[in-house]
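Here is the structure we will look at, set down as structure tokens.
The values are calculated or read from the model by the stated rules, or taken from the named source; none is laboratory data. These numbers come from a predicted model, not from an experiment. Please note: Cβ atoms are built from the backbone with ideal geometry, for glycine as well, and neighbour counts cover all protein chains shown. Side chains included, ligands, DNA and RNA excluded: accessible areas come from the protein's heavy atoms. Shrake-Rupley method; radii C 1.70, N 1.55, O 1.52, S 1.80 Å.
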Amino acid sequence: MITDEILAKYEMTIGVECHVQLATKTKLFSGVDNDARDKEPNSVVSPIDYALPGMLPVLNRRAVDLAIKAGKALGSKVANISRFDRKHYFYPDLPKGYQTTQMYQPIILSGTVEVPLEDGSTTNVRIHHAHLEEDAGKLSHHGDYSLVDLNRAGTPLIEIVSEPDMHSATEAKAYAAELYRLMTFAGVTYGDLYHGNMRFDVNVSVALKGADKLGIRTETKNLNSFRSVERAVEYEFRRQVELVEKGERIIQETRGWDEAKQKTTSQRSKENAQDYRYMPDADIPPIILSDQEIAEIQADMPKLPGEWRNILSSLDLSYQAVETLLDAENEFRGKIEFLNTIKSIIDDGDYEKAKFIANWQINILIPMLRDEAFVFGKVNHLELEATIYELVKSEKLSSTNAKQLFKDLISADSLPNIEKFAEDKGYIQVSDEGAMVAIIDEVLNDPISVKAVADFKSGNEKVIGFLVGQVMKKSGGKANPGLAQKLLKERM
Ligand code: MN
């Protein structure tokens, strides 16, 4: 039985390799469609992807540009010269008998990613390198036979290799999530996790705390969610500690993740680099990039998550709030913008308004958008939010009525005069002191209030709730309750 006490004696060390599918129109070395999601098997495959004799690959320049952008997102230097190599192995989904990849001179050199953690702190994960490579095809197994689909063969990938800088499942998960944000914000990938656009391999080893040597590591491959990264690391830690405690040996091997059973299972013992007989690929010329060319491509990039966190930091939002905005920006990209709308108000210097609208988007708009039954109209959500902010600030709208007003109008095709609309709907609350005093005097003179007034005057302040209730009733729900309370106290 492995107790928490036993686990506490060990430290785990984690490195992550991540394959990112690049958002190109065509494959890495051929001109056929890179999007095979809804295609018949083996329908988007060229002679190059089939590796027919005599085929000659031509490098997709767009993939190089995206790698250059990825380099910036990873805080890494982009190499002025990089090359392709052949990695040999036999597998039915790899007709060439080798994968075209970069072993000796990758396009992205070392760098650092700052990973925000839930407790508000950050941890740095160093990037060892990242390289360009092609994907293999896909096998599907059906009882006693298997089928091969080469649609994915030749899809451009970058593989991002981290240093073993992580020491908990939480850190590994946070790193995976941050890579996702970096690659999607940089426009490097569409980030469709369901279709495997980003796949994580986690290398995990355990050693007694304070030991001067790392343990033997295992690699759990092809995790396609942040949650499975976290679970697989937790599982491997426990499994390896158990083996070590029993005095057994940990085998260097490749393992798979069984989502249904929530456990890792052995697949094959791990090859060493020499088993692949790497050699330079003679068919593809080296990629030669000048500093100026790299700088120009990197200058033309959208803001990255770190820049957005800096901008939003002036609003003093929680970690969760900021990440909700970043994730929603990704989720609704091309449909609706959040971050730029908030930034435009910050740029005007109105932090109070910016914070109100950020919170409105986080707490009201984003949950509505995620509701499948919700239909988003054609209105400018920022215009509606800004007007609601003004009405709430001037106490013309209670928070309950503000939400109702938003619901009424967000699905509309165009915005009416918002204040007039709210007035016609009876949402505007009476905050005019003159009008309120008249109602309050009426309430105070009503026989129903005699006891409450007497109680209040003898020091029982709680009865004010009853009197505010009466004011709300008389005003048809339109009185501003805060103002009613204040005026009631004054008049008594
Ligand atoms: Mn790879």
Checklist (1) assigned to a strand (DSSP E or B); (2) away from the ligand (no atom under 16 Å from the Cβ); (3) within 20 Å of GLN99 (Cβ to Cβ) applied to LEU66, failing item:
(1)
Can you tell me which residue among VAL375, VAL322, VAL379 is outside any helix (DSSP H, G or I) and open to solvent by less than 80 Å² (accessible area, probe 1.4 Å)?
VAL379
Those residues that are more than 16 Å from the ligand (Cβ to nearest atom), among the hydrophobic types (A, V, I, L, M, F, W, C) and part of a loop (DSSP other than H, G, I, E, B), I need them from segment 146-179; list them, please.
LEU150
Which residues, counting only those in segment 96-113, are within 16 Å of the ligand (Cβ to nearest atom) and part of a strand (DSSP E or B)?
TYR98, GLN99, THR100, THR101, ILE108
Qualifying residue in segment 139-151 (condition: farther than 26 Å from GLU236 by Cα, crowded, with 20+ Cβ neighbours inside 10 Å and of a type in the set (S, T, N, Q)):
yes
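Which one of ALA484, ALA402, ALA386, ALA422 is over 40 Å from the mean Cα position of the chain (by Cα) and either at pLDDT 90 or above or surrounded by 13 or more Cβ atoms within 10 Å (Cβ to Cβ) (or both)? So that I can check it myself, show each step before the final result.
On the way: ALA402 fails: over 40 Å from the mean Cα position of the chain (by Cα); ALA386 fails: over 40 Å from the mean Cα position of the chain (by Cα); ALA422 fails: over 40 Å from the mean Cα position of the chain (by Cα).
None of the other options fit; the residue is ALA484.
Give SER162, SER168, SER146, SER121 a once-over and let me know the one that is closer than 23 Å to ASP49 by Cα and hydroxyl-bearing (Ser, Thr, Tyr).
The match here is SER146.
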Quick one: in segment 282-319, of everything that is in a helix (DSSP H, G or I), polar (S, T, N, Q) and out of contact with any helix residue (DSSP H, G or I) (no Cβ under 9 Å at 6 or more places or on another chain), which residue is modelled with the highest pLDDT?
GLN292
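Is it true that ASP65 is open to solvent by 40 Å² or more (accessible area, probe 1.4 Å), farther than 18 Å from ARG126 by Cα and assigned by TED's automatic domain parsing to the domain that holds GLU242? Lay out the reasoning, then the answer.
Values: open to solvent by 40 Å² or more (accessible area, probe 1.4 Å): no; farther than 18 Å from ARG126 by Cα: yes; assigned by TED's automatic domain parsing to the domain that holds GLU242: yes.
Answer is no for this residue.
Of all residues in segment 120-136, which are in contact with a helix residue (DSSP H, G or I) (Cβ under 8 Å, 6 or more places away or on another chain) and either open to solvent by 10 Å² or more (accessible area, probe 1.4 Å) or more than 16 Å from the ligand (Cβ to nearest atom) (or both)? Step through it out loud before you land on a result.
Of the residues in segment 120-136, the ones in contact with a helix residue (DSSP H, G or I) (Cβ under 8 Å, 6 or more places away or on another chain) are 120, 123, 125, 130, 132.
Scanning segment 120-136 gives GLY120, THR123, VAL125.
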Which numbered condition in (1) within 19 Å of ALA23 (Cβ to Cβ); (2) surrounded by fewer than 18 Cβ atoms within 10 Å (Cβ to Cβ) is the only one that LEU179 fails?
(2)
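Restricting segment 194-206 to residues that are surrounded by fewer than 18 Cβ atoms within 10 Å (Cβ to Cβ) and in contact with a strand residue (DSSP E or B) (Cβ under 9 Å, 6 or more places away or on another chain), which is nearest to LEU74 (Cα to Cα)? Please lay out each step first, then the result.
So the first thing to find is which residues in segment 194-206 are surrounded by fewer than 18 Cβ atoms within 10 Å (Cβ to Cβ), and the list is 194-196.
Filter again for in contact with a strand residue (DSSP E or B) (Cβ under 9 Å, 6 or more places away or on another chain), leaving 195-196.
Numbers: HIS195: 23, GLY196: 20 Å.
Among those residues, the one meeting the criterion is GLY196.
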Consider HIS141 against the criteria (1) away from the ligand (no atom under 16 Å from the Cβ); (2) assigned to a strand (DSSP E or B); (3) at pLDDT 95 or above: it satisfies all of them except one. Which criterion is unmet?
(3)
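Answer yes or no as to whether GLY54 is open to solvent by 50 Å² or more (accessible area, probe 1.4 Å), away from the ligand (no atom under 16 Å from the Cβ) and either in a strand (DSSP E or B) or not basic (Lys, Arg) (or both).
Details: open to solvent by 50 Å² or more (accessible area, probe 1.4 Å): yes; away from the ligand (no atom under 16 Å from the Cβ): yes; either in a strand (DSSP E or B) or not basic (Lys, Arg) (or both): yes.
In short, yes.
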Take segment 79-95 and flag every residue that is more than 15 Å from the ligand (Cβ to nearest atom) and either over 25 Å from GLN298 (Cβ atoms) or touching a Lys or Arg at 6+ places or on another chain (Cβ under 8 Å) (or both).
PHE90, PRO92, PRO95
So, in segment 252-278, of the ones that are open to solvent by 90 Å² or more (accessible area, probe 1.4 Å) and in contact with a strand residue (DSSP E or B) (Cβ under 7 Å, 6 or more places away or on another chain), which residue ends up nearest to ALA79 (Cα to Cα)?
ARG277
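Please work out if LEU22 is within 16 Å of the ligand (Cβ to nearest atom) and closer than 30 Å to TYR175 by Cα. Lay out the reasoning, then the answer.
Numbers: within 16 Å of the ligand (Cβ to nearest atom): yes; closer than 30 Å to TYR175 by Cα: yes.
So LEU22 passes the test.
For residues that are within 16 Å of the ligand (Cβ to nearest atom) and in a helix (DSSP H, G or I), tally how many sit in segment 3-19. Spell out the reasoning first.
At the first step, the residues of segment 3-19 found to be within 16 Å of the ligand (Cβ to nearest atom) are 15-19.
With the extra rule that they be in a helix (DSSP H, G or I), the set shrinks to none.
So the answer is 0.
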Quick count over segment 206-261, residues being out of contact with any Leu (no Cβ under 9 Å at 6 or more places or on another chain), of a type in the set (Lys, Arg) and without any contact (Cβ under 8 Å) to a residue 40 or more places away in the chain, is 5
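Within segment 95-119, work out how many residues are of a type in the set (Ser, Thr, Tyr) and open to solvent by 30 Å² or more (accessible area, probe 1.4 Å).
Step one: of segment 95-119, the residues of a type in the set (Ser, Thr, Tyr) are 98, 100-101, 104, 110, 112.
In the following step, the residues that additionally are open to solvent by 30 Å² or more (accessible area, probe 1.4 Å) were identified as 104, 110, 112.
Residues meeting the conditions: 3.
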